[in-house]
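The values are calculated or read from the model by the stated rules, or taken from the named source; none is laboratory data. Just so you know, these numbers come straight off a predicted model, no measurement behind them. Cβ coordinates were reconstructed from backbone atoms using ideal geometry, including for glycine residues, and neighbour counts include every protein chain displayed. We work out accessible area using only protein heavy atoms, side chains counted, and drop any ligands, DNA or RNA first. Shrake-Rupley method; radii C 1.70, N 1.55, O 1.52, S 1.80 Å.
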Amino acid sequence: MAEMVDIELITIGERLRAVDQDHVAVIADSIRQCGRVLQPITISRKFATGDALRPEMTLLAGAHRLAAAKLAGLDVIPAEIVEDIKPLQAKLIEIDENLLRHELNPLDRAVFLAERKRIYEELHPETKAGVAGAKAKHGSASDTMSFAKDAADRLGFNPRTIERSVKIATSLSADVRKNLIGTDLSKNQSELLLLAK
């Protein structure tokens, strides 16, 4: 159940994808026409010890909606609230919402999937390449799914598409990825794969 939350109390941490101001403007126009935000954002709420009146609220998902609500002049926004979530779980919420919304171009999708893989393997180290094979060889294989299989099941992508996307993100340096943002190349997975090679 969504709660109405004061926009000024929400902290925006480091995000994997920058907010697109043109997209924010379109959402803000929709908010003005509807008079409200239709889809709640997701925030974490943590009560600091000794201060039950001022909880820390951090955005997990919905940066574009939050920016649009501010632009539209709203003071409050509907939010689904998650209590006391661990940092890696919070990052997965951001990643999965963006991946499920299918608004990402191939470059953004690659970055999100590579980060999701990093987090998944940190939470499930037995699934890392080499570790899983060695465990299976010695008869101690885990029932935990590989990253590509888990992500495919959760997100509805083909495991091969996920592997290709991760290859793009991990093969291109951060500087190259930054220079590709907003270009036609960022929208073409085949060209990105060639560049990654």
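Backbone phi angles across the range 108-125, fed through the Karplus curve with coefficients 6.51, -1.76 and 1.60 (θ = phi - 60°), yield HN-Hα couplings of 4, 4, 4, 5, 5, 5, 5, 5, 5, 5, 4, 5, 4, 6, 6, 6, 10, x Hz in residue order; Gly and Pro are listed as x.
Relative contact order for the chain: what percent, with Cα pairs under 8 Å and sequence separation of 6 or more? Averaging sequence separation for qualifying contacts and normalising by length gives 19 percent for the chain.
Per-residue ellipticity at 222 nm computed for the chain from its helices equals -15500 deg cm²/dmol, with DSSP H segments shorter than 4 residues left out and the rest contributing -39,500 (n - 2.57). GNM remark for the chain: springs join alpha carbons under 10 Å apart, and the peak mean-square fluctuation among 32, 164, 101 falls on 101. The ellipsoid that matches the Cα gyration tensor of the chain has semi-axes, each √(5λ) in whole angstrom, of 33, 24, 13, with the longest given first. Computed from Cα atoms, the angle from the helix 87-101 axis to the main principal axis of the chain rounds to 90 degrees. Ligands, DNA and RNA are left out, and with a 1.4 angstrom probe the accessible area of the chain is 59 Å² per residue. For the range 5-101, the antiparallel share of DSSP beta bridges with both residues in that region comes to about 55%. Database remark: amide H of residue 13 closer than 5 angstrom to the amide H of 59 (H placed geometrically; neighbours at sequence offset of 5 or more, or on other chains; Pro and chain starts carry no H). Magnitude of the charge dipole for the chain, about its Cα centre and with charges confined to Cβ atoms of Lys, Arg (+1) and Asp, Glu (-1), is about 760 debye. In degrees between 0 and 90, to the nearest 10, how far off the longest principal axis of the chain does helix 21-34 point, with axes built from Cα atoms? So the inclination is approximately 50 degrees. Heavy-atom accessible surface of residue 96, to the nearest 10 Å², is about 30 Å², with a 1.4 Å probe and all protein chains retained.
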